[in-house]
Amino acid sequence: MGHRKGKAKRPRRGSMQYWPRVRARRIFPRVKSWPNTDETKLLGFGGYKAGMTHITYIDTKKTSPTYNQEVTIPVTVIETPPLRVLGLRFITKTPYGKKVLKDVLVQDISKYVSRTLNLPKKQKDFNKELESINMDDVSDIRLLVYTQPHLINLKKKPEVFEIAIGGDKEKALEYAKELVKKKEIKVQDVIKPGEQIDILAVTKGKGTQGSIKRFGVKLESKKSDRPRRRVATLGPEGQAKVMHTVPQFGQMGFHSRCDYNKWVLMVGSDDITPDGGFVNYGVLHGDYIVVKGSIPGPKKRFVRIRHAIRPNPKIPNQVPDIKYIHRGSQQ
């Protein structure tokens with residue numbers, strides 16, 4: 001008996017996992033969900049992408065073929081200057097979802113960030129504003145913070161964003177008051193080596209691109225009477241519209257994306273800058289974190305960091321034994 005020929009199958013050109021592919025509304029994305037935890041702590045941070053290098057560490061995964069051997073992997077360095085506390089945000093639940101109940105700002109707001117915000121000239125008393133809030137209406141408490149790029153010699157405006165606080169709202173409020181008194185938050189207080197984090201960022205912008213580059217559509221034959229760099233057909237003849245699943249030209253890049261479960265390898269302030277500095281970034285001036293693999297976005301772009309919302313059990317929850325960090329020139 002001869003072999004039967006199976007039905008020809010071909011996967012569609014381009015993933016529909018992210019649709020529509022539109023430009024991000026701003027230079028850094030918003031966090032739509034936070035991990036659920038009973039521990040009272042900050043659930044996120046922020047930093048600026050510096051660049052990539054590679055390290056060598058001891059593989060401790062017992063099921064790995066390179067167990068107990070030295071392994072070299074690519075890593076990304078994110079510089080994380082201290083965050084300044086701007087105030088507290090109280091969230092309430094409504095039939096239409098969560099809404100902002102009230103923002104209570106600290107009184108000593110620096111002129112550095114007040115230039116980018118439309119703040120009232122007379123600031124209200126912080127403690128009196130807290131007392132006026134009915135905690136029965138509050139469902140979540142967020143901490144309003146802003147970055148300090150001038151500390152690392154970046155010519156950028158400070159980014160203002162919110163960070164969720166874990167635990168019940170009474171303990172979260174007391175914890176938030178302590179952070180307001182502290183004024184500054186360092187990355188070492190929020191993220192530890194060996195943990196898993198999610199990176200939320202806006203990808204590199206590539207402008208308007210055709211279906212070949214945007215979706216990976218195959219080029220038509222040179223002998224074809226149709227254009228080479230387009231899809232062969234836009235749909236059936238009797239249909240009066242083009243389906244949104246047909247690969248066509250449009251915006252490529254500058255999309256809001258989330259990279260899940262990045263393994264934190266290092267958190268520190270020691271100098272690990274390569275000779276000559278990171279390309280298109282320069283020298284590290286402060287605290288940083290090192291994560292395994294790549295992350296979205298170009299150099300100097302602000303990225304948001306969140307504790308892993310769905311941790312991968314296959315990633316070891318331990319501090320790696322790093323033997324070597326490449327500091328050679330990247331020029």
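Considering only 248, 90, 312, and ranking their Cα positions along the charge dipole of the chain that arises from unit charges at the beta-carbon of Lys, Arg, Asp and Glu, the one farthest toward the positive end is 248. Taken about its Cα centre, the chain carries a charge dipole of about 2560 debye when Lys and Arg each add +1 at the Cβ and Asp and Glu each add -1 at the Cβ. Going from the fewest other Cβ atoms within 10 Å to the most, the residues 142, 214, 13 appear in the order 13, 214, 142. When segment 83-185 is described by a simple charge dipole with +1 on each Lys and Arg Cβ and -1 on each Asp and Glu Cβ, the residue from 166, 138, 106 located farthest towards its positive end is 106. Of the residues 273, 245, the one with the fewest other Cβ atoms within 10 Å heads the list, and the complete ranking is 245, 273. Mind checking the angle between helix 169-182 and the chain's longest principal axis? C-alpha axes, 0 to 90 degrees, to the nearest 10. Between helix and principal axis, roughly 70 degrees.
With contributions of -39500 (n - 2.57) from each DSSP H run of at least four residues, the per-residue ellipticity at 222 nm computed over the chain stands at -2000 deg cm²/dmol.
Annotation: peptides 122-129, 293-300, ranked by per-residue average of other Cβ atoms within 10 Å with the highest first, follow the order 293-300, 122-129.
Taking +1 at the Cβ of each Lys and Arg and -1 at the Cβ of each Asp and Glu, which of 190, 175, 203 sits farthest along the dipole of segment 164-210 towards its positive end, judged by Cα position relative to the Cα centre? Towards the positive end, the residue furthest out is 203. Among 263, 34, a tally of other beta-carbon atoms within 10 Å of each Cβ gives an order, fewest to most, of 34, 263. Each Lys and Arg adds +1 at its Cβ and each Asp and Glu adds -1 at its Cβ; summed about the Cα centre, segment 1-83 shows a dipole of about 1260 debye.
Checking the Cα-Cα distances for 122/186; 206/300; 102/128; 262/314; 182/262; 49/183 against a 22 Å cut-off, the pairs over it are 122/186; 182/262; 49/183. Cα centroids of segment 84-116 and segment 219-239: 53 Å apart.
In whole angstrom, the chain maps to an equivalent ellipsoid with semi-axes of 41, 29, 22, each derived as √(5λ) from the alpha carbon gyration tensor and ordered largest first. Counting only Cβ charges, +1 for Lys and Arg and -1 for Asp and Glu, the dipole size of segment 83-185 around its Cα centre is about 620 debye. Its alpha carbons give segment 83-185 an Rg and a Dmax of 14.3, 45 Å.
Each reported figure results from applying straightforward, stated rules to the coordinates on display, with no laboratory input. Computed from a prediction, not measured in an experiment: that's the story for all the values here. No Cβ is skipped: glycine too gets one built from the backbone with ideal geometry, and neighbour counts run over all protein chains shown.
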